[in-house]
Amino acid sequence: MRPAVAELVERREILPGQWIQAFHAPWLATGSRAGQYVHVRTGDFSGLVLRRPFPLNTADVATGIVSIHVRVIGSGTEWFTRLRPGDGIEMFGPLGRPFEVDPRSRHLLLIAGGLGIAGVRMLADEAVRDGRQVTLLFGAASAREVYPSSLLPDEVEYVVATDDGSLGHHGSVTELVPEYEAWADQAFACGPSPMLAELARLAEGRRGRMGVAKLGRKRGGGKTDPAGSPGARRKAFLQVSMEQTMGCAVAACLGCVVMTTGGTPQRVCREGPVFAAEEIAWEAGW
Amino acid sequence: MRGKKRVVTSGGPPDIEQPAFDSPSTAVDLSVDLGRGLVLANPILVAAGAFGYGVEYENAVDLNGLGAICSKGTTLKARIGNRPPRVAETPGGMLNSIGLQNPGVAAVIDKYADTWVGWRVPVIVNIAGESVSDYAQVARRLDGVPGVAGIELNLSCPNVDRGGLQFALDAGAAGEVTAAVRRATDLPLLVKVSPNVADVRPIARAIADAGADALTAINTLSGMAVSPFRDRPMLGTVYGGLSGPAIKPVALRVVYEVAQVVSIPVVAIGGVTELADVLDFLAVGAVAVQVGTAVFADPTLPVRLVEELAAECGRRGLSSHRPLIGTALPAKRGAPSTMGVEYRP
């Protein structure tokens, strides 16, 4: 897997300071899954020495077009917004481990906080394609930062919460979750770390509350999947996409770690960015 | 003198005559002798910390095109490292405070040494410790392990026996730990000096006198960054090591200074992103350079630098890069540098 050049085909500012950029990158469109990311190099190499990781926002196999969601927070992200159609940028990927949907799950609950939408957006496409029902809970500070519903598949039920109450539920998006707990077979979240920690707390003990029986030997009921394996994530109710400042994205520099309940730091770039919520040591303060 | 150790960058078998027009670079001898039998095929190394244990980049880079790989910093016991954020980008560079996360020397040997044996590129294991005996024990474990071509000492760790002062900041401690490692192993020994000192020269001299085979200059500069909302320091441990193009002038100054006071080879590191940087470091007396931060943006850069350096030599009609070394040093070697004072913190 070597870096290759992707050509910008379309860009638009979907929210103030937030852009969706579509690139022609057939190798990414065909080979990637929801939750994976690309590591992108800026053009200003001597000033901005690090690549930027972006979750894949959409990937269209037919056209070979993938999109990323960029929010301007510094000179690097600002550089991306100056790209014009026809410009090429170097993309490395797809990288990281994707979300794992249990084949039996019919109802998927997606929870996004702010730019966290970029982490779960593609899963909505995949789930709709696979005939699953999707509810997306989206939290933002105010109405002017709410992700446009027009950019979501029609099949997705879209519920919004804003901190200032200017749109949808007045309060945190996590307050909407209990209502869907019984409905959802699995939940997938991306957003600020406190939000993910709260979701993990809410998800704890769900199996007991819902009276979900652990069925005998069927589907390998007796064997436990090693922590961090795709199997373990597939069985988890809540999967989270973690964010951490990244250096190399190939698991070499150990810059992007999160602490796990096993007591060993795991790399967001390689073992992540998607983890089962119970893998993460939320209280460790990392 | 160096005859039997000559390594030529061209890959083909020696009995095949290369046509003259094939490439001007194939005949250029880029080999570097770092002492004690450690001869690199070319002067471009990848720096400790930037390249993991090499295996991480196996699919992305032609490893055998590199001069050497310096491994991730390795300690006696496993370390889980510092709390994140561990990385922050800064103007023209980055801060890191990984905290030497590594599985410990025994696990490193176990996991990687067999792989390293199969590579043509030498692997230099970068080691760190919190006491002189830590360093010596790690070196002893690595001694004689097939696949380990050399050792590089990271001295920017607190010395717990001396109240936590970094080894790198004190000539006595730096010399002591170098000597201890020298006694513990016959492996080629590189020692990395820190720029976070008032005058690096006495430290470099102490390290050379204690038996190091080569110096690496420089380690990262101590620095910090503030979070975007200015509510806390950016890094989980407040301080981090600054690397990248931002520190190149400092690295040049230190290489320039130490190259004049020691007779062992100096390997330069600090902000190399293009051939011009390599040539600059050679000019101030380095025999080789390491590439660190730039690898994150472009993993293939080091191998490309080798090709570009060979081509540059070819263009200048040189059969080796050696004439490029030290061209910017004062004519009278060892003359006291006028620099340094104004750079003191």
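No lab work stands behind these numbers, since they all come straight from the coordinates. Just so you know, these numbers come straight off a predicted model, no measurement behind them. Virtual Cβ from ideal backbone geometry, glycine too; neighbours counted across all protein chains shown.
In what order do B:Ile69, B:Ile80 fall by count of nearby beta-carbon atoms within 10 Å, going from fewest to most?
On the way: B:Ile69 29, B:Ile80 16.
The most exposed by this proxy come first: B:Ile80, B:Ile69.
Each Cα pair under 8 Å and six or more residues apart adds its sequence gap; the mean of these over the residue count of region B:37-343 is a relative contact order of 18 percent.
Fully extending the segment from A:Thr264 to A:Arg82, taken as 0.36 nm per residue of separation minus the present Cα-Cα distance, adds 61.5 nm.
How many percent of DSSP beta bridges within chain B run antiparallel, rounded to 5?
Numbers: 17 of 44 bridges.
So the antiparallel bridges amount to about 40 percent of the total.
Net charge dipole, region B:207-303: roughly 340 debye, given to the nearest 20, about the Cα centre with Cβ charges of +1 for Lys and Arg and -1 for Asp and Glu. Shielding of peptide A:239-249 by partners, expressed as the average count of other chain Cβ atoms within 10 Å per residue Cβ, is 4.
Is it possible to state the helix-based mean residue ellipticity at 222 nm for chain A, with each DSSP H run of 4+ residues giving -39500 (n - 2.57), the sum divided by total residues, to the nearest 500 deg cm²/dmol? What is it? Could the numbers behind the result be given before it?
Values: 7 runs with 53 residues, N = 286.
The helix-only estimate for chain A comes to -5000 deg cm²/dmol at 222 nm.
Of A:Ser67, A:Ser32, A:Ser229, the residue with the greatest mean-square motion in the GNM of chain A, using alpha carbon springs below 10 Å, is A:Ser229.
Left without a cysteine partner by the 4.7 Å Cβ rule in chain A: A:Cys190, A:Cys256, A:Cys269.
Under a straight-distance cross-link criterion of Cα-Cα below 13 Å, which aspartates and glutamates are reachable from B:Lys248, leaving out those fewer than 8 residues away in the same chain? Leaving aside aspartates and glutamates fewer than 8 places away in the same chain, those within reach of B:Lys248 are B:Glu274, B:Asp277, B:Asp280. As a rough footprinting exposure proxy, the listed residues A:Glu243, A:Glu78 were ranked by other beta carbons within 10 Å of their own, and the order from fewest upward is A:Glu78, A:Glu243. Extents of chain A, largest first, come to 55, 44, 40 Å (Cα atoms, principal axes, whole angstrom).
DSSP beta bridges confined to the protein assembly as shown are antiparallel in about 50 percent of cases.
Report the full-extension gain for the segment A:Ala143 to A:Arg201: residue separation times 0.36 nm, less the Cα-Cα distance, to one decimal in nm. Don't skip to the end; give the middle numbers.
Details: separation 58, 0.36 × 58 = 20.88 nm, distance 2.69 nm.
Once the chain is fully extended between A:Ala143 and A:Arg201, it gains 18.2 nm.
Which value does Rg/Rh take for region B:234-310 over its C-alpha atoms, Rh per Kirkwood? Please list the in-between numbers first.
Working: Rg = 13.4 Å, Rh = 13.2 Å.
With Rh from the inverse mean 1/r over Cα pairs, Rg/Rh is 1.02.
For the protein assembly as shown, the dipole from Cβ point charges (+1 on Lys and Arg, -1 on Asp and Glu) about the Cα centre works out to 1140 debye, to the nearest 20.
Of all aspartates and glutamates in the structure, those lying under 14 Å Cα to Cα from B:Lys111, and not within fewer than 8 positions of it along the same chain, are B:Glu56. Residues B:Met94, B:Met234, A:Met122, ranked from the fewest to the most other C-beta atoms within 10 Å, line up as B:Met234, A:Met122, B:Met94. With a 10 Å cut-off around each Cβ of B:173-183, the average count of Cβ atoms from other chains is 0.
Among B:Asn59, B:Asn219, B:Asn42, determine the one that fluctuates most according to a GNM of chain B built with springs between C-alpha atoms less than 10 Å apart. Highest fluctuation among the options: B:Asn59.
On a 0 to 90° scale, report how tilted helix A:193-203 is relative to the longest principal axis of chain A, with both axes built from alpha carbons and the result rounded to the nearest 10. So the inclination is approximately 20 degrees. Rounded to the nearest 20 debye, the dipole size of chain B about its Cα centre is 720 debye, using +1 on the Cβ of Lys and Arg and -1 on the Cβ of Asp and Glu.
Residue separation times 0.36 nm, minus the C-alpha to C-alpha distance between B:Ser263 and B:Lys111: what's the value? Length gained, B:Ser263 through B:Lys111: 51.1 nm. A Förster distance of 60 Å, applied to the separation of the beta-carbon atoms of B:Arg120 and A:His169, puts the FRET efficiency at 0.45.
In region A:112-181, the ratio of gyration radius to Kirkwood radius, Rg to Rh, stands at 0.96 when only Cα atoms are counted. Counted over all Cα-Cα pairs of region A:17-72, pairs farther apart than 16 Å make up 44 percent.
Starting from the Cα of A:Glu13, move 7 Å in the Cα-to-Cβ direction to define the label point; list residues of region A:55-77 whose amide nitrogen is under 20 Å from there. In region A:55-77, the label zone of A:Glu13 (backbone N under 20 Å from the point 7 Å along Cα→Cβ) covers A:68-77. Partner aspartates and glutamates whose Cα lies under 16 Å from the Cα of B:Lys77, excluding those fewer than 8 positions away in the same chain, are identified as B:Asp110, B:Glu130, B:Asp134.
Once the chymotrypsin sites (Phe, Trp or Tyr not before Pro) in DSSP loops with at most 15 neighbouring Cβ atoms within 10 Å are cut out of chain B, the longest remaining piece is B:22-228. Who wins for biggest fluctuation among B:Gly223, B:Gly270, B:Gly244 in a Gaussian network model of chain B, springs between alpha carbons below 10 Å? Greatest mean-square fluctuation among the candidates belongs to B:Gly223. Quick check: the angle from helix B:301-315's long axis to the longest principal axis of chain B, C-alpha only, nearest 10 degrees? Its long axis makes an angle of about 40 degrees.
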